[in-house]
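Structure first, then comments.
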2 protein chains.
Amino acid sequence: MKEQKVKPLKSWVQIPKNSDFTIYNLPFGVFRNKRLSPRIGMAIGDKIVDLHVLFCEGFFSSIHLPEEVFLKDSLNEFMALGKPMTRKVREMVQELLLEENTALKDHRARGKVMVNRKEAKMLMPVKVGDYTDFYSSKEHATNVGTMFRDPENALMPNWKHLPVGYHGRASSIVPSGTPIHRPKGQFKAPDAEKPSFGPSRRLDFELEMAFITSNPTKMGTSIRTQEAEEHIFGFVLFNDWSARDIQAWEYVPLGPFLGKSFASSISPWVVTLEALAPFRTKSPKPEEPLLPYLQCEQDHGFDIHLEVGIQPEGKQETIVCRSNYKYLYWNIAQQLAHQTVNGCNINVGDMYASGTISGPEESSFGSMLELAWKGTKPIRLDCGAERSFIEDGDTVTMRGYAEKDGVRVGFGEVSTAVMPSNGKG
Amino acid sequence: MKEQKVKPLKSWVQIPKNSDFTIYNLPFGVFRNKRLSPRIGMAIGDKIVDLHVLFCEGFFSSIHLPEEVFLKDSLNEFMALGKPMTRKVREMVQELLLEENTALKDHRARGKVMVNRKEAKMLMPVKVGDYTDFYSSKEHATNVGTMFRDPENALMPNWKHLPVGYHGRASSIVPSGTPIHRPKGQFKAPDAEKPSFGPSRRLDFELEMAFITSNPTKMGTSIRTQEAEEHIFGFVLFNDWSARDIQAWEYVPLGPFLGKSFASSISPWVVTLEALAPFRTKSPKPEEPLLPYLQCEQDHGFDIHLEVGIQPEGKQETIVCRSNYKYLYWNIAQQLAHQTVNGCNINVGDMYASGTISGPEESSFGSMLELAWKGTKPIRLDCGAERSFIEDGDTVTMRGYAEKDGVRVGFGEVSTAVMPSNGKG
């Protein structure tokens, strides 16, 4: 798992150039199509391996899997089998897809196993129990602190001592392709006497990634940084939609609530920690001594290129942000150790988002709030339009991939159209 | 449902004087015992009506209930049948328990239907999807603001304009009788250079009540105040355990996280809105004009007596707080309208706690933080001990009941023993 050199692999499945879904990746997701009820698959190239059909055809008979474990509308039961088993399944499928392996390639059921990705509808990959949103990018926290508080003291005193985070709303996490409505709510301009009510005027994205846990814990116990990755199944891209005007008025003293809870969007393919192993990298050096429970023995950062595009309705897309997951100050092992250090129990399917991933360059800022600096520097799109925040009809798309020595492992995308506020209610 | 006069009812079940579980109440819960797997029951006196046995004996044959709907480890599927159906079930059981009704009283299966409450273990009544904690007591928010900010401006500017709330951790909500471990974490004394780590030294309870939703909504839609109660199944007592030292260091700027997520405790019997109807009361008059979506046409307050007792290990219990649910400034209709006004969807089993319920008198303050005023006025217990916060070995018990014209509807209790921090991790 810690190896840095990747053995070159070739598959009998044709994989388009620059595909995120190479033989090295093999992410898990939940899909359906006109014929098929929801089930678990793995992406490769333009295909999905239907794991349920593979199971029915006896390809997993050498390992002990429960009946119909892949005929589910979430990965939760599969993930609950534990990482040794889920790793084994991924390895077996990878083996089956190798060029020299004819077991599936020449099998009569090959056509049934290999589903066209274009014809599939991707569903939520997991049932999210609890969802935490961290705040782990120093650049993002500094930008926000500079804008709203004091440039000299942009970071709060606790920021370098613990991975700040808060609980988010799990019910409104939706997969890529699900349009969202502009939220309504209260906001108050600094010079206004009273709050007013209406559709948010400052709808924003936040470029984030999220990990998902598969190995639960009991209340009263904690996870150490060196054990953390044994609890983590994989990652998705995460758009933490934010209504800045609602958030600004509501968030003191108990934190974000309705400014966030109307929607969060994720990419549907869960890329495993195993697939990301070659892209492991150091996190930024801690600038304050860390308490022992936050100290790490290994690298838990990942070099993952990220980008955000805005496409106004009927117009071309402009990439407005290029960032990288490796910029994060706090890593996943620290986040999970902190989440559980007080004895908080975690469950299969819990989700933990990183917080907005901003880098040092202006072009790497992960939200419109930062890119257009609170509306003072609107962004010009390639189609000629300007944006300070997201407008109705815009589609926001986030993409991410890791690449090294010709090996590419990507996330696909999370793409979301914004509709006007709902009239009712 | 809005009637204020209650028709006198008498049951053939013997109901001890001052029982919370009268013929007027009939709360729902999930129980098991040595013989019985988890199932749904209703409390009456010292008994539990086993609804699964009642179903199997044909008592519900006139209504259309799914097979084994009561043979579940949560109320979620039953609640999802909708309020007309769950109301009907409660009414049918109430009818069966009336003195003059012999259908169950003289039935051969009566012994099997009526389970001794003492022999039953109560489980979590619902699977909680999302959990919100509001902050709806003006007295509590004022006390906290006075202690930590400015007595002249104790309430934040938003407080009288919206029911402030935040998302809490659902995984660590446990039923009465589940001991909890003292949480560990980071805290920093104001005069300390660096944060330190260890078991919390300021463990506190918060006296709250929580409602549970049974009627889900879709993303992008909102619930109006006049529709809110059709989405609410019932109430439980809620102890929102808090580690004040962890909370104080972590909570800026994103709100409470590890200072709360280690545990919350609830009473196991869900008292329905229908049972509470006779105790409906006005909420305090709004002190600021409300935006239309927060205006109410009816009374949504309830006159429910609440108390908190502390019992050091092996000693007698002292009641340290007597409060009332009616003190809350924001009511359940406003809370649910606010939660959904941005289009946030709700699910069956979601839980919404009130925030600490403090009244105007010192003796009605709903947390140790307020009762002992930040440790400056320790409370003397009847056993002679003093308390500023909760100590290892203490059992904290919250009780609640409504009473009017000889009709009593109560919640039983949520009682939790505090154990030392867990050594591991």
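Please treat every number below as a calculation from the coordinates, not as lab data. Treat the numbers as computed from the prediction; the structure is a model and nothing was measured. Here Cβ is always computed from backbone atoms with ideal geometry, including for glycine, and neighbour counts include all displayed protein chains.
I'd like to know which of A:Val164, A:His338, A:Thr213 lies farthest towards the positive end of the charge dipole of the protein assembly as shown, counting +1 on Cβ of Lys and Arg and -1 on Cβ of Asp and Glu.
It is A:Thr213.
If each Cα of segment B:1-152 is one equal point scatterer, what is log10 of I(q)/I(0) from the Debye formula at q = 0.12, 0.15 Å⁻¹?
Each listed q corresponds, in turn, to -0.60, -0.83.
Set the Förster radius R0 to 45 Å, insert the Cβ-Cβ distance between B:Lys112 and A:Ser37 as r into 1/(1 + (r/R0)^6), and round the FRET efficiency to 0.05.
0.70
Give me log10 I(q)/I(0) at q = 0.07, 0.08, 0.11 Å⁻¹ for chain A, Debye formula, one equal scatterer per alpha-carbon, no solvent.
So the normalised log intensities are -0.34, -0.44, -0.84.
Taking the axis about which chain A rotates onto chain B, which residue of A lies nearest it as judged by Cβ position, and how many whole Å separate them?
Here the value is A:Gly255, 1.
Please label the shape of segment A:148-203 as rounded, prolate or oblate, based on the square roots a ≥ b ≥ c of the eigenvalues of the alpha-carbon gyration tensor (a/c under 1.5 means rounded; beyond that, a/b larger than b/c means prolate, else oblate).
oblate
Report the percentage of all Cα-Cα pairs in segment B:252-331 whose separation exceeds 21 Å, rounded to a whole percent.
Summing the P(r) tail past 21 Å for segment B:252-331 gives 57 percent.
With charges set only on the Cβ (+1 for Lys and Arg, -1 for Asp and Glu), what does the dipole of the protein assembly as shown come to about its Cα centre, in debye to the nearest 20?
Here the protein assembly as shown has a charge dipole of around 1480 debye.
As an exercise, find the ratio Rg/Rh for the protein assembly as shown from alpha-carbon atoms, using the Kirkwood inverse-distance average for Rh.
Result for the protein assembly as shown is an Rg/Rh of 0.97.
For B:Lys88, which aspartates and glutamates qualify as cross-link partners when the Cα separation must be under 20 Å and same-chain residues fewer than eight apart are set aside?
B:Glu3, B:Asp50, B:Glu57, B:Glu67, B:Glu68, B:Glu77, B:Glu99, B:Glu100, B:Glu227, B:Glu229, B:Glu230, B:Glu274
If each label sits 7 angstrom from Cα along the C-beta direction, how far apart, in nm, is A:Lys374 from its counterparts in the other copies?
Between copies, matching label points for A:Lys374 lie 3.0 nm apart.
What do you get for GluC sites (Glu not before Pro) in segment A:177-209 restricted to DSSP loop and a cutoff of at most 10 other Cβ within 10 Å of the site's Cβ?
When the GluC sites (Glu not before Pro) of segment A:177-209 are filtered for loop state and at most 10 Cβ neighbours within 10 Å, A:Glu193 remain.
Place the peptides B:142-150, A:249-257, A:405-413 in order of packing, highest mean first, counting for every residue the other Cβ atoms within 10 Å and averaging per peptide.
Output ranking for B:142-150, A:249-257, A:405-413: A:249-257, A:405-413, B:142-150.
Which of the aspartates and glutamates could a cross-linker bridge to A:Lys194, judged by Cα under 15 Å and excluding same-chain residues fewer than eight apart?
Answer for A:Lys194, where 15 Å is the Cα cut-off: A:Asp245, A:Glu250, B:Glu287, B:Glu288, listed by chain and number.
First measure r as the distance between the Cβ atoms of A:Glu91 and A:Thr221, then evaluate 1/(1 + (r/R0)^6) with R0 = 22 Å and state the FRET efficiency to the nearest 0.05.
It comes to 0.15.
Place a +1 charge on the Cβ of each Lys and Arg in chain A and a -1 charge on the Cβ of each Asp and Glu, then give the dipole magnitude about the Cα centre in debye, rounded to the nearest 20.
840
For chain B, what is the mean residue ellipticity at 222 nm derived from helices alone (per DSSP H run of n ≥ 4: -39500 (n - 2.57); sum divided by total residues; nearest 500 deg cm²/dmol)?
Here the helix-only value at 222 nm equals -3500 deg cm²/dmol.
Answer with one residue from B:Gln94, B:Gly58, B:Val113: the one whose Cα lies farthest towards the positive end of the charge dipole of segment B:28-122, charges on Cβ with Lys, Arg +1 and Asp, Glu -1.
Farthest towards the positive end: B:Val113.
Determine the percent antiparallel among the DSSP beta bridges restricted to the protein assembly as shown, to the nearest 5.
90
Under a Cβ-only charge scheme (Lys and Arg +1, Asp and Glu -1), can you give me the dipole magnitude of segment B:232-374 about the Cα centre, in debye to the nearest 20?
So the dipole magnitude of segment B:232-374 works out to roughly 20 debye.
Between A:Trp12 and A:Asp73, 0.36 nm times their residue separation minus their Cα-Cα distance comes to what?
So the chain would gain 19.1 nm between A:Trp12 and A:Asp73.
Would you be so kind as to identify which of B:Val69, A:Gly145, B:Ala248 lies farthest towards the positive end of the dipole of the protein assembly as shown, taking Lys and Arg as +1 and Asp and Glu as -1 on Cβ and the Cα centre as origin?
B:Val69
Test of understanding: extend the Cα→C-beta vector of B:Thr281 to 7 Å, then name every residue of segment B:296-312 with backbone N under 11 Å from that spot.
Residues B:301-306 qualify, since their backbone N sits under 11 Å from the label point.
As a quick test, which of the pairs A:Lys127/B:Lys34; A:Lys160/B:Lys188; B:Lys138/B:Lys374; B:Lys282/B:Lys404; B:Lys127/B:Lys260 have an alpha carbon distance above 21 angstrom in this structure?
A:Lys127/B:Lys34
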